Amino acid sequence: MNNGDLSDIELKILYYIYHSGPAFIKKLSARLDKDIQTLQSSIEALQRMEYLERVTGTMVEYRLNRRSKVIKHRNHTYYDLTRKGRLFMRHFQGKVEVNLRPPYKQV
């Protein structure tokens, strides 16, 4: 599948999760500035295409930056890239505008 088959918001979701780690819908909504219903339908589409999967278990690990990771108890339904999603993002050549800076570092 090429990136022409994915919408702009679907590419942003994949890009954000690839660079920041597993995320839940409300967090994606705030970070991508999109409404929850739009993200829900995009995530469902990405799951059908086998780019995203629900994170199982009660603990989730995500990256603050390239060097530090955080492990926390999950209170929401988290989504992460599948193997297919990681391979797609590894070879992705397009440009996606997503703010990856943590909220506490933003001015």
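Quick note: the coordinates plus some simple rules give every number you see, no bench work behind them. Not measured: the values here are computed from a predicted model. Heads up, the Cβs are rebuilt from the backbone with ideal geometry, glycines too, and the neighbour counts pull from every protein chain shown.
Table for the structure above
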| quantity | calculated |
| --- | --- |
| Loop sites in the range 68-101: trypsin sites (Lys or Arg not before Pro), DSSP, at most 12 other Cβ within 10 Å | K95 |
| Spin-label model distance (nm) - R83 vs K26, 7 Å beyond Cα toward Cβ | 3.4 |
| Label-point gap, in nm, between H76 and S41 - each point 7 angstrom along Cα→Cβ | 2.0 |
| Estimated vicinal HN-Hα couplings, Hz - the range 29-46 in sequence order (Karplus 6.51, -1.76, 1.60; Gly, Pro = x) | 4, 5, 6, 9, 6, 10, 6, 4, 5, 4, 5, 4, 5, 5, 5, 4, 5, 5 |
| Fewest-first ranking of Y51, Y18, using other Cβ atoms within 10 Å as the exposure measure | Y18, Y51 |
| 15 Å beta-carbon shell around R48, net charge (K/R +1, D/E -1) | -3 |
